[in-house]
DNA sequence: AAATAATACGAACGGTCGTGCTATTTTTGA
DNA sequence: TCAAAAATAGCACGACCGTTCGTATTATTT
């Protein structure tokens with residue numbers, strides 16, 4: 001789940017740690033980070049509760065590790081293909097397209113969005129802080145892609161990157177919401193239409 | 001929490017039931033519907049666990065009751081003022097304005113949105129069904145207000161009510177998301193700007 | 001092959017969970 | 001005022017929670 005140096009042979013421990021995180025990801029998609037329990041996770045992985053526990057030291061550290069692992073995957077899933085596109089609108093659209101796919105491929109909810117909702121109103125703590133950082137970082141990625149569009153001349157000079165990033169993000173939230181409740185097909189149609197209208201309106 | 005006939009004196013039981021639901025609402029705002037526990041709730045209300053339990057018969061029924069109570073409040077909070085506006089754009093804007101306030105007044109998360117995320121990827125069950133119904137109903141309310149705009153002539157004849165309803169809803173999700181993580185002020189600025197641009201673009 | 005470290009297990013702890021039961025208290029209607 | 005009814009408390013249960021600890025097993029290094 002996390003990226004490991006390809007040079008060194010991953011130790012046994014690191015391998016099972018990834019295995020555990022893989023199963024944890026499956027579970028957290030359905031029950032959220034707060035619904036993740038070590039006992040159920042151990043059962044799914046096929047090892048003892050204490051064995052799983054020993055890999056992380058605490059439930060909270062397990063949740064943080066999972067959060068990081070998913071975030072890394074998420075960013076790579078979207079950024080790598082996007083970077084192959086020329087900077088500007090093409091790249092931004094690639095990002096949005098992959099982003100829209102992410103929730104679909106990893107059907108039944110995105111852990112990162114669930115986490116954002118789970119901790120957005122919570123008291124300060126390591127988990128909320130981590131979520132906040134991830135969301136901030138990702139928003140900045142989005143803004144950077146938008147700024148490039150402006151620099152390249154694909155979007156109007158007076159485009160408000162913050163505002164556009166917010167709107168794109170909101171549409172992704174809408175996609176996730178509707179896909180989870182009403183079905184992906186219609187949700188994706190609406191989202192695509194909205195994105196098109198949005199980008200066109202900012203086009204130079 | 002729920003509306004009670006003002007004529008009949010509410011029985012003691014009904015009164016404490018509301019009291020319980022009030023406290024349950026406060027708790028669910030922070031921990032979600034799945035984080036709601038009868039023990040903690042009883043402690044907050046100041047009565048015994050079994051005393052609280054007896055009012056609902058099961059945890060699930062408590063969750064359903066809370067869901068209904070919040071939904072009723074939500075719809076009333078928004079619809080009643082909106083209905084005082086003339087049908088058309090004024091009414092639609094009133095709805096959106098109040099909607100944006102809802103998450104702010106009831107700071108730290110909206111139970112209905114949390115529930116939507118909690119159950120959008122879950123297996124079928126009474127809770128998911130209830131959430132689905134509520135979300136469907138509310139979306140229809142929104143569509144109806146949009147359709148009235150078209151009929152009255154405030155919006156273009158070829159306006160896609162489904163599409164516009166989706167986009168407005170998405171912006172409200174964005175508002176909730178950003179307000180919870182980054183602060184209400186900026187989130188509301190972005191939302192208002194987006195709504196204005198959106199409605200203007202559909203205006204006839 | 002021996003020594004050492006890493007890894008996993010099993011049992012147990014104190015708590016909390018939701019949920020039944022049975023009393024006891026409180027409210028209600030005649 | 002008194003009995004019926006409703007509401008609440010008390011207690012116990014089995015299950016699961018995260019966590020700790022000692023021990024056995026397996027990898028890795030010397």
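Listing for the model above:
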item	result
Cα principal axis extents for the protein assembly as shown, largest first, Å	77, 60, 33
Other copies of residue A:14: label-to-label distances in nm, shortest first, labels 7 Å along the beta-carbon direction	6.6
Average beta-carbon neighbours from other chains, 10 Å sphere, peptide B:110-121	6
Computed P(r) (all Cα pairs; the stretch A:107-173; 10 Å bins; percent)	19, 41, 26, 13, 1
Between 0 and 90°, nearest 10: helix A:89-105 axis offset from chain A longest Cα axis	40
Whole-angstrom gap from the stretch B:129-204 to the stretch B:58-88, using each part's C-alpha centre	17
Taking the stretch A:12-202 and dividing mean pair separation by its residue count, relative contact order in percent (alpha carbons under 8 Å, at least six apart)	19
Per-copy distances of the residue A:189 label point, shortest first, in nm (7 angstrom along Cα→Cβ)	3.8
Calculated on alpha-carbon atoms, Rg and Dmax of the stretch A:44-148 in Å	16.2, 50
Relative intensity, log₁₀ I(q)/I(0), of the stretch A:134-191 from a Debye sum that treats every alpha carbon as a point, q = 0.25, 0.28, 0.30 Å⁻¹	-0.91, -0.99, -1.05
For residue B:51, inter-copy label distances in nm, listed shortest first [label point 7 Å out on the Cα-Cβ vector]	4.8
Along principal axes, Cα extents of the stretch A:12-202, largest first, whole Å	57, 34, 32
Computed [θ] at 222 nm, helices only, for chain A once each DSSP H run of length n ≥ 4 contributes -39500 (n - 2.57)	-25000 deg cm²/dmol
Rounded D (µm²/s) - the stretch A:61-115, Kirkwood Rh over Cα pairs, Stokes-Einstein at 20 °C, 1.002 mPa s	179
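No lab work stands behind these numbers, since they all come straight from the coordinates. Since the structure is predicted, the reported quantities are computational estimates derived from the model, not experimental observations. Methodologically, a virtual Cβ is constructed for each residue, glycine included, from the backbone with ideal geometry; neighbour enumeration extends over all protein chains shown.
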